[in-house]
Amino acid sequence: MKQINLDDLVQRVLEELTRKDQDVIQFPEQKQRGVEKPNNPEALERAMNRTPARIGIGRAGTRMKTGSYLQFRIDQAAAHDAVMKTISPTLLETLQLPALHTKATDMSDYLMNLDSGRVLSDESVRWLEQNADKGKDVQIIISDGLSTSACEATIPDLLPALLQGLAMRNISVGKPVFIHRGRVWVQDQVASIVNCKVIISLIGERPGLATAESLSAYMIYKPDANTVESDRTVISNIHRGGTLPIEAGAYLAELLEDILKYQASGVKYMQLRAK
Amino acid sequence: MKLACVIRKQTYQFGSVREVLAKASEEKSGDRMSRLAADSALERMAAKVVLSEMRLSDIYENPVIPYEKDEVTRIIYDDMNLSVYEEIKNWTVGELRDYILSFSTGMPELTRIGRGLTSEMIAATAKLMSSIDLVMASQKMRHQAYCNTLIGEPGRLAFRCQPNHPIDDPEGILASIKEGLSYGSGDAVIGINPNNDSVESVTKLLKMTHDFMQHWQIPTQNCVLAHITTQMQALRGGAPISLMFQSLAGSQRANDAFGVSKEILDEAMELMLRKGTATGPNVMYFETGQGSEVSLESHEGVDMQTLEARTYGFCRHWKPFMVNNVSGFIGPETLYDGRQMIRADLEDLFMGKLHGLPMGIAPTYTNHMHADQNDQEIAGMLTTLAGANFYMGVPGGDDVMLSYQDTSFHDDASYRELLGMRPLREFEKWLEKMGIMENGRLTERAGDLTIFD
């Protein structure tokens with residue numbers, strides 16, 4: 001039988017544990033200076049702080065250096081994943097959001113056929129008819145749109161703030177729903193089924209490399225067959241680098257109250273308010 | 001005119017020249033969405049067969065959008081040379097393809113027949129061509145234009161330095177300009193896409209770039225890519241512009257949606273020749289790309305590639321310095337993936353050149369397309385081989401204002417390096433004077449934006 005020296009074992013385990021810690025690569029999120037001997041280091045630092053553009057990154061021959069190349073690919077991968085990912089079921093459960101579907105059968109159908117994301121599936125229509133709250137002031141829709149990450153990053157703060165703001169104003173709200181692969185126009189159909197006054201959709205935006213977490217809110221007062229695009233009120237750039245989700249929740253509640261007061265949204269609302 | 005054929009014992013019948021053109025197109029999601037694409041791979045081939053036997057006169061007599069109805073059609077027909085057309089009108093599209101590819105046909109012959117072809121005929125030929133066909137045919141043609149510099153000389157490749165900033169911060173923009181120049185990018189134009197389209201803001205950026213070019217004596221052009229009417233207002237107010245920009249499309253309805261017409265373009269060019277800062281005679285810069293008509297719901301039942309050819313027929317009326325093809329900017333509903341984007345780039349470069357245009361390519365992708373950096377670089381290398389005049393130059397390939405990816409300063413330098421291409425003549429001398437380039441190669445100093453500080 002092989003003899004085990006306990007001290008050695010403890011030593012080895014300790015070494016293993018400390019090495020594990022050192023083994024984790026912390027890949028930098030900030031853009032790295034790649035120009036080794038700049039003519040003017042202060043000017044370079046100032047320039048790099050002045051723009052989010054990928055400047056001062058240096059080169060290997062004519063190509064990007066390994067670090068900046070990987071950073072670019074990481075940012076693009078994050079943006080691409082934000083489009084392709086489906087929403088986490090845990091998030092929907094935590095927020096108690098029933099999940100509905102459009103006619104888009106899968107992501108490629110959604111991306112290639114704009115009409116498919118504008119209409120609810122028959123099953124979701126039936127669900128809404130049977131289960132949705134009817135005749136409320138406001139109905140809220142949350143949709144992944146082109147960025148699941150946007151929903152995951154903003155909705156947990158945004159939705160409670162919005163609901164609280166509406167409750168404070170004594171505005172009645174139908175139970176919010178989540179719609180997989182929804183485009184903006186699907187809100188018109190939902191509004192006609194639940195018979196609400198104003199409908200608001202919170203939708204993930206087309207992601208860029210700078211952020212994949214940007215969300216937009218589209219609101220419309222009693223949409224019908226004569227609805228045009230300029231009837232919708234839009235607030236975009238809701239993310240941690242733009243309008244903060246919590247602030248956006250409070251602001252949207254205020255805006256919805258105003259839309260209800262003027263009984264109009266979009267350009268019509270702006271004109272009435274200006275009077 | 002024969003509009004039917006039998007393949008594998010199956011009869012395929014088409015209703016019009018327009019339908020044959022659409023169904024003969026290589027697969028693209030935008031044509032599918034507008035329900036114009038072939039239903040099967042064999043139907044696509046049947047359409048190509050019918051197209052190959054169609055006479056050029058059949059296409060001439062059946063414009064895809066009627067002359068009376070559409071300004072783009074009128075410009076195409078009114079600008080073509082009828083004497084050249086008379087010589088070739090009895091050729092089939094298949095014969096035209098063979099003529100283009102044969103050894104005895106070179107740049108002079110192609111330039112001549114290009115004058116006698118409508119845009120639909122040029123689109124038709126490209127539909128019978130494979131990737132290598134398109135690259136070899138494109139390689140034969142290189143069209144030059146002169147603004148402050150000469151673009152399109154053999155062995156020279158130019159770039160637009162695209163220093164965009166999310167809130168148009170002049171210092172931030174200037175930093176990206178310096179970075180681009182230090183990589184040898186910016187000889188085609190220093191061109192900013194503004195976030196703020198107001199005349200005051202556009203004027204400020206034009207002055208800033210003009211002053212910088214004056215101070216460092218850079219032989220190039222400046223441009224701010226606001227709407228053409230905004231640039232005209234700025235120019236009337238004394239802003240220094242050497243190149244005027246506008247996006248164009250292949251149907252009048254789409255151009256109406258862009259807020260542009262022949263009348264506006266005529267006025268803009270006249271104004272540029274009177275008040276612009278450039279030598280000329282080529283003072284216009286146009287951008288195009290397959291799919292814009294689809295997303296503006298104004299395709300008029302015509303496929304994306306044919307509409308793109310018509311855009312070139314429209315463009316050439318104003319003898320532009322640059323025509324930049326930006327396919328892949330819209331999204332997967334028009335070009336689904338890298339394969340469709342690469343095909344569009346090759347088709348568009350060929351079609352633009354056969355129209356006699358000084359063509360450049362912007363192989364681009366958005367993050368909701370099924371494409372990545374590898375696809376983009378393949379498109380870039382292929383179109384360099386095919387002899388594009390210029391590309392864009394974006395810091396690290398990431399446009400922080402427009403949220404899409406385009407060729408980087410690094411890619412630009414690499415395309416030159418790959419084929420031993422040089423910058424534009426005047427600009428290369430300037431790069432040498434600045435110590436950025438030596439014997440056509442970047443020096444140790446290159447890539448450091450602080451050489452300007």
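We did not get these values from a lab; they are worked out from the coordinates using the rules stated. These numbers come from a predicted model, not from an experiment. Virtual Cβ from ideal backbone geometry, glycine too; neighbours counted across all protein chains shown.
Observations, loosely collected:
- Exposure proxy for B:K319, A:K261, B:K9: other Cβ atoms within 10 Å of each Cβ, ordered fewest to most, give B:K9, A:K261, B:K319.
- Residues whose placed amide H lies under 5 Å from that of A:K85, excluding near-sequence neighbours: A:T148
- Residues whose amide H falls under 5 Å from that of A:R54, counting only those 5 or more places apart or on a different chain, are B:D398, with hydrogens built in the peptide plane.
- Neighbour counting of Cβ atoms within 10 Å sorts the residues A:V125, A:V13, B:V49, A:V186, fewest neighbours leading, into A:V13, A:V125, B:V49, A:V186.
- Here the 3J(HN,Hα) profile of the range B:172-177, calculated from phi with Karplus coefficients 6.51, -1.76 and 1.60 at θ = phi - 60°, is x, 5, 4, 4, 5, 4 Hz, Gly and Pro shown as x.
- Counting only alpha carbon atoms, the long axis of helix A:66-84 and the longest principal axis of chain A meet at about 30°.
- Using the rule -39500 (n - 2.57) for each DSSP H run of four or more residues, divided by the residues of chain A, the 222 nm mean residue ellipticity is -14500 deg cm²/dmol.
- Principal-axis tilt of helix A:122-131 within chain A, Cα atoms, nearest 10 degrees: 70
- Other-chain or far-sequence residues with amide H under 5 Å of B:E438's (modelled H): B:T443
- Degrees between helix B:338-354 axis and first principal axis of chain B (Cα, 0 to 90, nearest 10): 90
- Cβ crowding within 10 Å averaged over residues, with B:54-66, B:296-308 ranked highest first: B:296-308, B:54-66
- Karplus (6.51, -1.76, 1.60) ³J(HN,Hα), θ = phi - 60°, over the range A:264-269, in Hz, Gly and Pro reported as x: 7, 9, x, 4, 4, 4
- Couplings 3J(HN,Hα) of the range A:243-251, computed from phi: 6, 5, x, 5, 4, 4, x, 5, 5 Hz, in residue order, whole Hz [Karplus 6.51 cos²θ - 1.76 cosθ + 1.60, θ = phi - 60°; x for Gly and Pro].
- Per-residue mean of C-beta atoms belonging to partner chains within 10 Å, peptide A:238-247: 0
- 27 Å Cα-Cα threshold exceeded, pairs from B:K178/B:K204; B:K275/B:K433; B:K28/B:K262; A:K275/B:K204: B:K275/B:K433; B:K28/B:K262; A:K275/B:K204
- Mean partner shielding of peptide B:441-453, defined as the number of other chain Cβ atoms within 10 Å of each residue Cβ, is 5.
- R0 of 45 Å, Cβ-Cβ distance A:A78-B:S83: FRET efficiency to nearest 0.05: 0.20
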